[in-house]
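Presented below is the structure to which this report refers.
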Amino acid sequence: MIGVGDQLPDTELSLRDYLSDGPLLILFFTEANTPLCTVQLCAFRDDEDMISALGASVVAISSDPPWELGRFDDEHQFPFPLLSDPALEAAEAFGVIEESGKRAQRAAFVADAQGTIQLAIPFYQPNNLDDYQEIFVALGLDV
């Protein structure tokens, strides 16, 4: 599993392309249009102004096909890309494949602008306020 201090793994999703001058929040979600995953992504959508103010960017990854992610995005208007990982290559590289082996578990990682992992939450729970706050601290929020 990817941990703090590790470098972003090289995968077909080319996550390094999403690095900018600030940190990158990488969210893995289990399945589009399911209640908890919708809560997970909508929370970050709703706080996009704060994320942008921190100079950070976000990507969200699931094994859903691109057309399903497109429907999910159309319905919820996410201000960040939803990336399809149907072969679970990225999920495997991060060590977050569900026990069933068919999809990613909900997880969150923060990488700095150089691609070094600053935070790893391999079992992210959308309703856990401590996890949410920990992500924003890793993005640079002074609490």
Next on the checklist: Name the residue that is farthest from the chain's Cα centre (by Cα), counting only residues in segment 96-143 that are among the aromatic types (Phe, Trp, Tyr) and either more than 29 Å from residue 53 (Cα to Cα) or open to solvent by less than 30 Å² (accessible area, probe 1.4 Å) (or both).
Outcome noted: 136
Checklist outcome for this item: residue 93 passes all but one of the listed conditions (1) within 25 Å of residue 142 (Cα to Cα); (2) assigned to a helix (DSSP H, G or I); (3) open to solvent by less than 70 Å² (accessible area, probe 1.4 Å); the exception is number (1)
Checklist outcome for this item: residue 21 fails exactly one of (1) in a loop (DSSP other than H, G, I, E, B); (2) farther than 19 Å from residue 125 by Cβ; (3) in contact with a strand residue (DSSP E or B) (Cβ under 8 Å, 6 or more places away or on another chain); (4) open to solvent by 20 Å² or more (accessible area, probe 1.4 Å), namely (3)
Item to check | Selection status of residue 73, open to solvent by less than 70 Å² (accessible area, probe 1.4 Å) and without any contact (Cβ under 8 Å) to a residue 12 or more places away in the chain | outcome: yes
Next on the checklist: Go through (1) within 21 Å of residue 105 (Cβ to Cβ); (2) open to solvent by 50 Å² or more (accessible area, probe 1.4 Å); (3) part of a loop (DSSP other than H, G, I, E, B) for residue 10 and report which single condition fails.
Outcome noted: (1)
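The values are calculated or read from the model by the stated rules, or taken from the named source; none is laboratory data. Since the structure is predicted, the reported quantities are computational estimates derived from the model, not experimental observations. Glycine also receives a Cβ, built like all others from the backbone with ideal geometry; neighbour counts cover every protein chain displayed. Accessible surface areas use protein heavy atoms only, side chains included; no ligands, DNA or RNA. Shrake-Rupley method; radii C 1.70, N 1.55, O 1.52, S 1.80 Å.
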